[in-house]
Amino acid sequence: MSEPLLKVENVAASYGSIVALKSVSLEVYEGEIVTIVGANGAGKTTLLSCISGLMPYKGSIAFKGEKLGGKIDSAGIVERGVIQVPEGRQIFSDMTVHENLLMGAYSRKKGDNIQPELDEVYELFPRLEERNWQSAGTLSGGEQQMLAMGRALMSRPKLLMLDEPSMGLAPILVEQIFEIIRTLHKAGTTILLVEQNAQAALSIADRGYVLETGKIVTTGTGAELLASPAIKKAYLGG
Ligand code: ATP
């Protein structure tokens, strides 16, 4: 195989005396959807924070063969196209939908034409176009998730990291969000998807990693993990 787009090697991270990650290694290849599934507190968000340069860690994280961290801080990581959609969305509530999307393009060069991205985002999420004047804080949970994803897409990510996009959404919206993730994947976006909803995440993922209390305990294709008795027992309700 060619070189991975993202290579995480022996990453360990702690909050004071609380060890959140212990020697985690994983790879994401260009064009893949890779999912990290695991229960509450397994360390999923912490891992994304390390990749984004928001959390100190031991070990090494490389993107396109270039080591992140050190001189390449969180802004440099965003510039390289590694974009995280945080859990809880963190949109700018007092700004309109349209303004939120423009904020997503802030890492683009001055004078860059961002209209094509805006058109694409509105095509993918017609609901956002209908409501482009609305202040983001008044959107429904599902719409806010769409906005957070749309905002990330405005920067033309090379690696899109989604932290629990299905959190707090009704089943029908979960389906819609996963359908959109599938569409993004088909369009060529590489995706690292963190989810508690293991069933949904493994169903769309090329490969998955199971994280338990800071350690990767199993890895395989999405289909292999879905069929595994141990995974069924622990994460898929029997
Ligand atoms: P969830 O699915 O509930 O979001 P997660 O898998 O994303 O969980 P993390 O948020 O990465 O898990 O948390 C991993 C561990 O680190 C947990 O034990 C958590 O309590 C702890 N932790 C996370 N953030 C902090 C913090 N700011 N200070 C102290 N401990 C923290």
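Any residue at all in the stretch 192-199 that's away from the ligand (no atom under 16 Å from the Cβ), within 15 Å of the chain's Cα centre (by Cα), closer than 21 Å to Val37 by Cα and in contact (Cβ under 8 Å) with a residue 40 or more places away in the chain? Scanning the stretch 192-199 turns up no residue that is away from the ligand (no atom under 16 Å from the Cβ), within 15 Å of the chain's Cα centre (by Cα), closer than 21 Å to Val37 by Cα and in contact (Cβ under 8 Å) with a residue 40 or more places away in the chain.
Conditions tested, residue by residue: (1) over 18 Å from Val82 (Cβ atoms); (2) open to solvent by less than 20 Å² (accessible area, probe 1.4 Å); (3) among the charged types (D, E, K, R).
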residue: Lys7; (1), (2), (3): no, no, yes
residue: Asn10; (1), (2), (3): yes, no, no
residue: Ser14; (1), (2), (3): yes, no, no
residue: Ser17; (1), (2), (3): yes, no, no
residue: Glu30; (1), (2), (3): no, no, yes
residue: Val37; (1), (2), (3): yes, yes, no
residue: Gly43; (1), (2), (3): yes, yes, no
residue: Leu47; (1), (2), (3): no, yes, no
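Of the listed requirements (1) outside any strand (DSSP E or B); (2) open to solvent by 40 Å² or more (accessible area, probe 1.4 Å); (3) hydroxyl-bearing (Ser, Thr, Tyr), Ser166 misses just one: (2). Might you let me know whether the stretch 55-67 holds any residue that is within 16 Å of the ligand (Cβ to nearest atom), touching a residue at least 24 places away in the same chain (Cβ under 8 Å) and among the β-branched types (Val, Ile, Thr)? The answer is yes; a qualifying residue exists.
Could you identify the single residue in Thr219, Thr213 that is hydroxyl-bearing (Ser, Thr, Tyr) and closer than 26 Å to Lys158 by Cα?
Only one candidate qualifies: Thr219.
When the residues of the stretch 17-35 are filtered to those that are over 18 Å from the mean Cα position of the chain (by Cα) and not hydrophobic (A, V, I, L, M, F, W, C), the one that is farthest from Lys215 (Cα to Cα) is Ser17. Number of residues in the stretch 17-46 that are within 8 Å of the ligand (Cβ to nearest atom) and closer than 21 Å to Glu3 by Cα equals 0.
Of the residues screened, Ser2 is one that is assigned to a loop (DSSP other than H, G, I, E, B) and over 15 Å from the mean Cα position of the chain (by Cα). Of the numbered criteria (1) away from the ligand (no atom under 13 Å from the Cβ); (2) under 25 Å from Thr221 (Cβ atoms); (3) in contact (Cβ under 8 Å) with a residue 60 or more places away in the chain, the one Gly81 fails is (2).
Selection of first residues in the stretch 87-105 that are touching a residue at least 12 places away in the same chain (Cβ under 8 Å) and open to solvent by 30 Å² or more (accessible area, probe 1.4 Å) and of second residues that are part of a loop (DSSP other than H, G, I, E, B) and among the acidic types (Asp, Glu), restricted to Cβ pairs under 6 Å at least 6 apart or on distinct chains, gives the following pairs, ordered by first then second residue: Glu87/Glu164.
Output the residues belonging to the stretch 140-173 that are of a type in the set (Asp, Glu) and over 23 Å from Thr46 (Cβ atoms). Across the stretch 140-173, the qualifying residue is only Glu143. Kindly evaluate Gln134 against the criterion of being under 21 Å from Gln176 (Cβ atoms) and touching a residue at least 40 places away in the same chain (Cβ under 8 Å). Here the answer is no, as Gln134 does not meet what is asked.
The values are calculated or read from the model by the stated rules, or taken from the named source; none is laboratory data. Quick caveat: nothing in here was measured; it's all calculated off a predicted structure. When we count neighbours, we look across all protein chains shown, and the Cβ atoms used for this are built from the backbone with ideal geometry, even at glycine. These area figures cover heavy atoms from the full protein model, side chains too; ligands, DNA and RNA do not enter into them. Shrake-Rupley method; radii C 1.70, N 1.55, O 1.52, S 1.80 Å.
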